[in-house]
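The values are calculated or read from the model by the stated rules, or taken from the named source; none is laboratory data. Just so it is clear, the model here is predicted, and its values are computed rather than measured. Cβ placement follows ideal geometry from the backbone for every residue including glycine, while neighbour counts extend to all protein chains displayed. Side chains are part of the model used for accessible areas, which takes the heavy atoms of the whole protein and leaves out ligands, DNA and RNA. Shrake-Rupley method; radii C 1.70, N 1.55, O 1.52, S 1.80 Å.
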Amino acid sequence: MVTWGITKSTKPLRGDTRMANTYSQITIHAVFAVKLRQNFIAKEWRDQLHQYIAGIIANKGAKPLAVGGWQDHVHVLFGMPVTTCIADLMSAVKASSSSWINQQQFIKGKFEWQAGYGAFSFAKSQRDIVIKYIMNQEEHHHQKTFKEEYIKMLTDFDIAYDTKYLFEFYD
């Protein structure tokens, strides 16, 4: 378990990744999607997947705050440690979780995530709002498609994008 903002020893341990006198509060909301959308994340095992992803995040030294999603994508909100980069963490989450899905044989054929992800930063004061949003994905997607949701996120965060490099969307 990671102790946020506190180091318990002034003498670094061998292999210790903590940085003395370095403190941060970085909250990241990441989103990634299922490749080809033919292999949907089924309700029967969706919660298990979200718990597994939370475990990966924690094991990598980040603080999982919420994991949720819908049939074709996943949202994660986590506290980012200063010793990890988002790309490395997301690569580990996607590789490990897709391997786990395949080992469990939840689907016929090979499960894969699409290349890439979206990552958005939030202030600590916004955490509860984002957690509620992530945990209500099923209800949210009765109103809006994943494509509409994702493009709105990019637009709200003033992120320039080229539609040819977005996820493969099938409405």
* **Selected from Ala115, Ala160, Ala123 as most flexible by GNM, with the chain as the system and alpha-carbon contacts under 10 Å** => Ala160
* Asked: Percent relative contact order of region 23-110, based on C-alpha pairs within less than 8 angstrom and at least six residues apart?
  -> 34
* Asked: Classify region 127-171: rounded, prolate or oblate, from the alpha-carbon gyration tensor (a ≥ b ≥ c, eigenvalue square roots; a/c under 1.5 rounded; otherwise prolate if a/b is larger than b/c)?
  -> oblate
* **Fraction of accessible area attributable to carbon and sulfur, region 23-117 (%, probe 1.4 Å)** => 47
* Structure fact -> Given a 1.4 Å probe, the accessible area of region 94-137 per residue, as a whole number of Å², is 61
* Additional length obtainable on full extension of the chain from Lys108 to Thr145, 0.36 nm per residue less Cα span -> 10.8 nm
* Which whole-Hz couplings ³J(HN,Hα) result when phi for each residue of region 93-103 is put into the Karplus expression 6.51 cos²θ - 1.76 cosθ + 1.60, θ = phi - 60°, listed in order with x for Gly and Pro? -> 4, 5, 5, 5, 5, 5, 4, 4, 4, 5, 5
* **FRET efficiency, Leu154 to Thr22 (Cβ-Cβ, R0 35 Å, nearest 0.05)** => 0.70
* Asked: Going by accessible area, probe 1.4 Å, with all protein chains left in place, what is the ranking of Lys124, Lys94, largest first?
  -> Lys124, Lys94
